[in-house]
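Remarks on the structure that follows.
A short reminder: the numbers here are calculations on the coordinates, not readings from a lab. Everything numeric in this text was worked out from a predicted model, so none of it was measured. FYI the Cβ positions are ideal-geometry reconstructions off the backbone, even for glycines, and counts take in every protein chain you see.
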Amino acid sequence: MDTNEGRVYFALDGDDFDPDEVTKFLGIQPTSVMRKGSKVDGKLPKINSWSVSTENVVNEHIDVFEMATEIINILKPKKNLIIQAKERFNVSPRLEVVLWFSVNEEHSTPAIGFEPETVSFLGEIGAFIDIDTYKH
């Protein structure tokens with residue numbers, strides 16, 4: 001592909017929880033769920049996962065600041081429930097950034113960073129950030 005691509009998502013991961021129960025508890029419809037042992041793209045996930053994602057953006061300009069803020073704005077009203085869900089469902093919160101870089105040297109690379117409010121919110125709920133990068 002001749003351009004950049006990316007998305008940001010928030011996930012709750014754990015060994016033994018029902019993603020449907022997390023959906024009911026948080027009152028947020030997930031973008032996707034994975035269940036341990038159920039095939040996803042030909043692979044068997046080793047953990048359960050509940051996630052809320054931005055759309056996949058395909059553009060020369062990818063702004064992680066903006067996409068992360070979009071996800072955090074969905075989650076902020078549920079902060080206390082997310083903290084409770086960590087204990088209740090034994091899950092780990094994660095903000096994931098997935099980027100595919102264009103190999104075209106005329107294109108800029110994605111802007112990777114986080115607003116102070118995003119960092120603060122993630123700290124308050126005990127989440128970590130993972131950034132995966134790939135070349136097209």
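Some observations on this one:
- As a ratio to 2.2 N^0.38 Å, the alpha-carbon radius of gyration computed for the stretch 1-70 takes the value 1.29.
- Full-extension gain in nm, Ile83 to Glu70, via 0.36 nm per residue minus C-alpha separation: 2.7 nm
- With the convex hull constructed from alpha-carbon coordinates only, the stretch 86-136 shows a mean projected area of 4.5 nm² over all directions.
- Antiparallel content of DSSP bridges confined to the chain, in %, to 5: 70
- Summing Cβ point charges (Lys, Arg +1; Asp, Glu -1) relative to the Cα centre of the chain gives a dipole of roughly 720 debye.
- For the stretch 1-54 and the stretch 96-131, distance of Cα centres in Å: 18
- Listed values for the stretch 8-16 are Karplus-derived 3J(HN,Hα) couplings in whole Hz (6.51 cos²θ - 1.76 cosθ + 1.60, θ = phi - 60°), namely 10, 9, 10, 10, 10, 10, x, 7, 9, and x replaces Gly and Pro.
- Here the average projected area of the convex hull drawn through the C-alpha atoms of the stretch 4-135 stands at 8.1 nm².
- The stretch 100-108 - phi-based ³J(HN,Hα) in whole Hz, Karplus 6.51/-1.76/1.60, Gly and Pro as x: 10, 8, 5, 8, 6, 5, 7, 8, 6
- Hypothetical label at Lys24: residues of the stretch 66-82 whose amide nitrogen lies under 18 Å (7 Å Cα-Cβ projection): 81-82
- Placing dummy labels 7 Å off each Cα toward the beta-carbon, the span from Val40 to Asn104 is 3.1 nm.
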